[in-house]
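Enquirer: Sharing a structure below in structure tokens format, with a few things to ask.
The values are calculated or read from the model by the stated rules, or taken from the named source; none is laboratory data. Please read all numbers here as calculations on a predicted model, not as lab measurements. Quick reminder, even Gly has a Cβ in these numbers, built from the backbone with ideal geometry, and neighbours come from all protein chains shown. Remember, those area values only see protein heavy atoms, side chains included, never the ligands or the DNA or RNA. Shrake-Rupley method; radii C 1.70, N 1.55, O 1.52, S 1.80 Å.
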Amino acid sequence: MSEMIERVAKAIYEEDDPWHKAWPWPDLNEKQGTADAYRRIAAAAIKAMREPTFPMVKAMFNTKDDGGGSLHERKWQSAIDAALVGEVG
């Protein structure tokens, strides 16, 4: 299992279960399902993002190199931000 799938699965679980602090990842409340179920959901969500939308591509092209940090990381983050809001900020 990849680190990203694990990270996304945990985020989905914590958003889905208001009691996630009582049953921290990956020792889940059995009523909510298993960690593997959340990993499958996470993998499906990540696969759905494989083909970027136009706003995501536009955000990557509009990200400028300001000399700080990794330009590739900022482009990736800009694309994900565009996916979350559905537009380029």
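Enquirer: So GLU73 clears everything in (1) at pLDDT below 80; (2) surrounded by fewer than 11 Cβ atoms within 10 Å (Cβ to Cβ) except one condition, right? Which one?
Expert: It is condition (1) that GLU73 fails.
Enquirer: Any residue in segment 64-86 that's within 17 Å of ARG50 (Cβ to Cβ): show its pairings with residues that are modelled with pLDDT of 85 or more and part of a helix (DSSP H, G or I) at Cβ separation under 6 Å, as long as the two are six or more apart or on different chains.
Expert: LYS75/MET60; ALA79/MET56; ALA79/ALA59; ALA79/MET60; ALA82/PRO55; ALA82/MET56; ALA82/ALA59; ALA83/MET56
Enquirer: Take the residues in segment 68-78 that are closer than 22 Å to ARG7 by Cβ and part of a loop (DSSP other than H, G, I, E, B), then tell me which one is nearest to the chain's Cα centre (by Cα).
Expert: Only one residue tops the list, namely SER70.
Enquirer: Which count do you get for residues in segment 1-54 that are in a helix (DSSP H, G or I), aromatic (Phe, Trp, Tyr) and either in contact with an Asp or Glu (Cβ under 9 Å, 6 or more places away or on another chain) or surrounded by 14 or more Cβ atoms within 10 Å (Cβ to Cβ) (or both)?
Expert: Residues flagged as in a helix (DSSP H, G or I), aromatic (Phe, Trp, Tyr) and either in contact with an Asp or Glu (Cβ under 9 Å, 6 or more places away or on another chain) or surrounded by 14 or more Cβ atoms within 10 Å (Cβ to Cβ) (or both) within segment 1-54 amount to 2.
Enquirer: Identify, from the list ASP81, ASP65, the residue that is part of a helix (DSSP H, G or I) and of a type in the set (Asp, Glu).
Expert: ASP81
Enquirer: Among the residues of segment 55-67 satisfying the criterion of being touching a Ser or Thr at 6+ places or on another chain (Cβ under 8 Å) and farther than 11 Å from ASP81 by Cα, which is least open to solvent (accessible area, probe 1.4 Å)?
Expert: Among residues in segment 55-67 that are touching a Ser or Thr at 6+ places or on another chain (Cβ under 8 Å) and farther than 11 Å from ASP81 by Cα, the one least open to solvent (accessible area, probe 1.4 Å) is THR63.
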